[in-house]
Structures are given as structure tokens and as C-alpha cells.
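Written below as C-alpha cells is the structure these notes are about.
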Amino acid sequence: MPPSVTSAKDSAPGQATFRFRCIGCGSVNATAAQDFRCSDCGNLLEITDSSWNSRNPTALKTLWRERRILNEAIDLSGVWRFREFLPAPQSEQEIVTLREGNTPLYDLPQSSRVTGVPRLYAKHQGLNPTGSFKDAGMTVAATFARQAGYRWVACASTGNTSASMAAYAARGGMRSLVLVPEGKISWSKLSHALDYGALTCQLRTDFDGCLRLLQELVRQAPVYQLNSINPFRLEGQKTLAFELLEQLDWEPPDHIIVPGGNLGNSSAIGKALLEMRDVGLIPRLPKLSVIQAEGANALVRTVRETQGKRLVSMQPETRATAIRIGNPASWEKAVKVLQATGGACEQVSELEIAQAKAEIGAEGIGCEPASAVTLAGLKKLLQQGFVKPQETVVLVLTGSLLKDPDYTMEFHRGDLFKGTPLEQESAKLSSFRHPPVVLDATLDAVIKTLELAEKSDPARSNE
Ligand code: F0G
């Protein structure tokens with residue numbers, strides 16, 4: 001039998017001791033089964049720790065700030081720097097880290113102008129070691145996988161989880177098994193997994209099919225699952241919110257807007273906000289809103305059609321392949337977070353995503369398509385009056401521009417919607433496109449092209 005996953009019984013003094021709590025029936029246990037589901041009711045687990053509530057918020061803020069100038073790996077990690085709110089491993093030497101977190105909070109001057117929201121920011125999780133927000137969760141979950149003595153870790157993925165897992169497994173001396181839908185993830189993400197030495201299986205199914213298979217696999221084989229069903233992942237992903245609030249000098253924004261796929265990230269951020277509020281780190285909760293692609297809108301439909309009581313799963317289709325998910329595992333956690341923070345759930349079209357991605361690119365930041373749903377969603381929430389222009393808004397950009405170069409190239413060349421029902425309508429995005437120009441290698445040709453560019457877009461070059 002494989003080793004079971006236990007909470008840290010021998011924590012050092014002052015470190016947290018944690019338990020697994022079922023989000024359905026509320027039962028609390030010191031251990032979790034390999035599928036990370038409640039043995040009584042089958043629902044998902046979350047990690048709790050009573051010591052989190054007894055912290056002094058002022059002392060914590062000082063401690064976290066002081067750690068920023070230290071050189072120990074555990075302090076250089078933007079995740080473990082907030083370890084007072086993480087499950088504690090048996091020793092600091094166990095920690096598998098690539099110095100994740102520490103991601104910038106950018107202002108977005110052009111998008112501010114377009115949307116009329118002066119206090120608009122992007123928390124860019126694409127600047128993590130493997131280029132996505134997954135690294136923040138992976139450092140924690142990989143640490144506990146190694147501590148439990150697993151040789152193999154595994155995940156189903158639309159690409160980013162697999163890239164991140166493969167990297168952390170490699171760093172932690174473990175082997176990794178990747179299950180991805182064949183032909184439906186970007187080559188950039190797949191190439192990460194290959195380079196980090198994962199055993200990569202492209203399955204003839206979609207993400208939901210891969211995840212179903214993985215859950216069966218972990219019940220039969222000594223393989224540790226690293227999908228966001230694994231509650232250690234969500235603990236690490238919580239730190240995005242801690243770091244964000246620190247960057248805002250602990251003044252909560254009015255809104256945080258995040259893309260929704262399998263719904264682990266929104267659940268993690270929401271959990272962090274509630275914990276920060278409960279311990280007095282922040283005086284009030286931001287509204288956390290989740291945005292999905294119209295073609296992969298299971299949460300939107302769940303909220304609209306069943307008031308969040310029953311999952312409406314669906315056959316997903318979107319070019320934002322990271323969130324091409326129709327049966328999100330953490331839907332119940334996400335519904336609770338929407339309700340607790342008063343956030344909205346909205347969907348955006350493929351054209352809206354493409355335009356928003358180009359707009360974020362024009363800020364000199366860039367992101368992958370799934371991340372761009374946040375800006376597209378903000379525009380809708382402004383139209384509906386849910387977000388007011390004078391409010392402070394943070395968009396969570398989940399993945400780097402380099403994660404899906406095919407999408408970007410096709411967009412700028414004008415091929416993204418070729419042969420699809422959106423082809424004609426997509427012409428309205430032509431002003432956002434910057435296709436490459438092929439020229440003879442002469443000075444004359446380059447100067448003429450420069451002059452043409454200046455004439456066709458004088459406003460831009462006068463900025
Ligand atoms: N943005 C990006 C770039 C993602 O890769 C994902 C999920 C999401 C948003 C949605 O986050 O699932 O927590 O709601 N990617 C997973 C993967 C599913 O396998 O890489 P979520």
C-alpha cells in the first residue's frame with residue numbers, strides 16, 4: 001500500500017498543525033485518502049488549522065515584510081513567506097521550492113482609459129517559474145507528496161498544471177505522470193512537461209475525461225494526485241491573495257476578478273480572503289468574481305439555472321484551452337466563495353477574449369487567452385453596474401503570454417477565427433492586430449514601412 005497523507009503531527013513549536021475538513025458534511029480528520037475525498041460523503045476536503053485564528057495581524061505584517069530581505073529558500077519563496085497560513089511540513093528541509101510567488105502587481109494605464117476605471121491593476125501570476133499561477137500551489141503539494149514518501153505524482157491537465165507539476169517533481173526527486181487531452185493543449189505547455197522529464201500521455205478525450213481517469217488511477221496505484229482536488233494545492237494558491245493585499249498595503253480592493261476553469265484558484269483566493277478577514281489582516285472582503293468562456297460556462301450555468309445548488313456540466317469548447325473544462329471539480333467551493341464575498345459570475349465570448357488579450361498585450365505585459373477573460377469580464381460587469389468606475393479592481397492574470405504562442409500568432413495574422421462562424425465578425429478586431437511584415441532587406445523598404453505605420457496610427461506614436 002502507498003503511504004497515506006497525514007497532517008504534521010510533529011510540527012515545530014509555533015508552526016501550524018492542520019486537519020482535513022469535508023466541505024460537505026464537515027467531518028474533520030488528521031488523514032486523507034489518496035483521492036482526497038471525504039470517506040463519509042465523498043465530497044472534497046479543505047485544510048483547516050485552528051492556530052491560524054490566534055495570530056496577531058500587526059505582528060504578521062511586520063514579520064512577512066522582514067522576511068523579504070532574507071536569503072533562506074523558505075523566505076525567498078513568495079509562497080512560504082506566508083507560511084503562518086500554510087500547512088507546516090515536518091521540517092523546512094522537506095520544502096520543494098523554485099522561488100515561486102513574488103509576482104508583480106501592475107497598473108494598466110491603457111485599459112484604465114478604455115474602461116474608465118482609474119484604479120485598475122493586474123496581479124500577474126504568469127511571472128512564476130513555469131509561467132503560471134499553478135506554481136504557488138505546486139510547491140506546497142509537492143512538498144507533502146515527497147514528505148509522504150511518494151515516488152510518483154500525477155495530474156490531469158489543460159497544460160499549466162502539468163508543466164508546473166513536472167518541474168516540482170523534478171526538483172523534488174520524484175517522477176511525474178501527465179494526462180492531457182490530445183491536441184487540445186498548447187505545445188508550449190506540453191514542452192515544459194517533456195523537458196522536466198514527465199511521462200506524458202496524450203489521451204483521446206477532453207480534460208474532464210483525463211481527470212476522471214486519474215481519480216480512478218490514484219485509488220489503485222501508489223500515485224499521488226496533484227490536481228487542485230488536492231487541498232494542499234489550494235493552500236499554496238491562497239498566498240496570491242496574501243501577497244496582493246501586502247502589495248496594496250492591506251487596503252482591500254473592491255473587486256478581484258479571476259478566470260474560472262476547474263475552479264480551484266477562485267476557491268483558494270476566496271479561502272484566503274475569508275481567513276485574512278477572520279484574523280483581522282483586512283477590515284472587509286473584496287468581491288471575488290469568476291469569469292468563464294461562453295463555451296465552457298459550467299459555473300455560470302450552475303449559478304443561473306440552479307442557484308448554485310447542482311452542477312450543470314457541459315461539453316466545453318473554447319480557444320482559451322486552459323479553461324476548456326465542462327465538469328469543474330471545485331464548483332461547490334467556488335459557489336461558496338461567490339456567496340461569501342458577494343462576487344459575480346459572468347461569461348465572455350471568444351471575440352471578447354481575443355480583444356482583451358490584445359489589449360493586455362498592448363500594455364507591455366501580455367498573458368495567455370484564459371487570463372484575458374478577466375479584462376473582458378470587467379467590461380461586462382461595468383456595463384451591468386456591478387463594478388463602479390471609481391472602485392479599485394484587480395485582475396488576476398493566470399498565465400504568461402508565452403504559454404500559447406500559436407493563439408497569439410494566429411490572432412495577429414488574422415487566422416484565429418478563419419473557417420469558423422466568427423470569421424466575418426472578427427474583422428472588427430483588425431485594429432488590434434500587428435501582423436509581421438516580410439520585406440526585402442533594404443533600408444528603403446524598412447523606412448517606407450516605418451512611415452506607413454506612422455501614418456496609419458499617429459495617435460499611438462504620439463503617446
Ligand atoms: N488560467 C489558466 C492559465 C489556467 O491554466 C487555468 C487552469 C485557469 C485559468 C483556471 O483555473 O482551474 O483553478 O479555475 N488550468 C488547469 C490546468 C485546469 O490543468 O492547467 P482553475
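The values are calculated or read from the model by the stated rules, or taken from the named source; none is laboratory data. Here the structure is a predicted model, which is why all the values come from computation and not from measurement. Every residue, glycine as well, gets a Cβ built from its backbone with ideal geometry; the counts of neighbours run over all protein chains shown. Surface areas here come from the heavy atoms of the whole protein model, side chains and all, with no ligands, DNA or RNA. Shrake-Rupley method; radii C 1.70, N 1.55, O 1.52, S 1.80 Å.
In the range 90-129, of all residues being among the basic types (Lys, Arg) and within 22 Å of Leu248 (Cβ to Cβ), the one that is least open to solvent (accessible area, probe 1.4 Å) corresponds to Lys123. Could you tell me which residue of the range 381-411 is least open to solvent (accessible area, probe 1.4 Å), considering only residues that are over 16 Å from Gly342 (Cα atoms) and out of contact with any helix residue (DSSP H, G or I) (no Cβ under 8 Å at 6 or more places or on another chain)? So the residue we want is Glu410. If the condition is being assigned to a helix (DSSP H, G or I), more than 15 Å from the chain's Cα centre (by Cα) and crowded, with 24+ Cβ neighbours inside 10 Å, then the range 339-374 contributes Ile353, Ala354, Ala356, Lys357, Ile360.
Residue-level check: of (1) within 16 Å of the ligand (Cβ to nearest atom); (2) on the phi < 0 side of the Ramachandran plot; (3) in contact with a helix residue (DSSP H, G or I) (Cβ under 6 Å, 6 or more places away or on another chain), Leu285 misses just (1).
Look at the range 113-136: where a residue is modelled with pLDDT under 95, no partner that is open to solvent by less than 10 Å² (accessible area, probe 1.4 Å) and among the hydroxyl-bearing types (Ser, Thr, Tyr) sits 6+ places away or on another chain with Cβ atoms under 9 Å. Checked against (1) among the charged types (D, E, K, R); (2) more than 10 Å from the ligand (Cβ to nearest atom); (3) within 26 Å of Gly260 (Cα to Cα), Arg151 meets all criteria but (3). Count of the range 210-243 residues, restricted to those that are within 17 Å of the chain's Cα centre (by Cα) and either within 16 Å of Met165 (Cα to Cα) or not hydrophobic (A, V, I, L, M, F, W, C) (or both), is 15.
Between Gly183, Gly149, the distinction of being at pLDDT below 95 and more than 13 Å from Glu100 (Cβ to Cβ) belongs to Gly183 only.
Only one entry in Arg83, Arg55 is closer than 18 Å to Ala141 by Cβ and either modelled with pLDDT under 95 or buried (at least 18 other Cβ atoms within 10 Å of the Cβ) (or both), namely Arg83.
Tell me which strands (runs of 3 or more DSSP E) are completely within the range 196-273 and hold 1 or more residues being within 12 Å of the ligand (Cβ to nearest atom) and under 27 Å from Leu382 (Cβ atoms), or say none if there are none. Talk me through it step by step, then tell me what you get.
Numbers: elements: 199-203, 223-225, 255-259.
The qualifying strands (runs of 3 or more DSSP E) are 255-259.
Considering (1) open to solvent by 10 Å² or more (accessible area, probe 1.4 Å); (2) touching a residue at least 60 places away in the same chain (Cβ under 8 Å); (3) assigned to a helix (DSSP H, G or I), say which one Glu305 fails and leave the rest. That leaves (2) as the condition not met. Scan (1) in contact with a helix residue (DSSP H, G or I) (Cβ under 7 Å, 6 or more places away or on another chain); (2) open to solvent by 30 Å² or more (accessible area, probe 1.4 Å); (3) among the small types (Gly, Ala, Ser) for the single condition Gly26 breaks and write down its number. Here Gly26 clears every test but (1).
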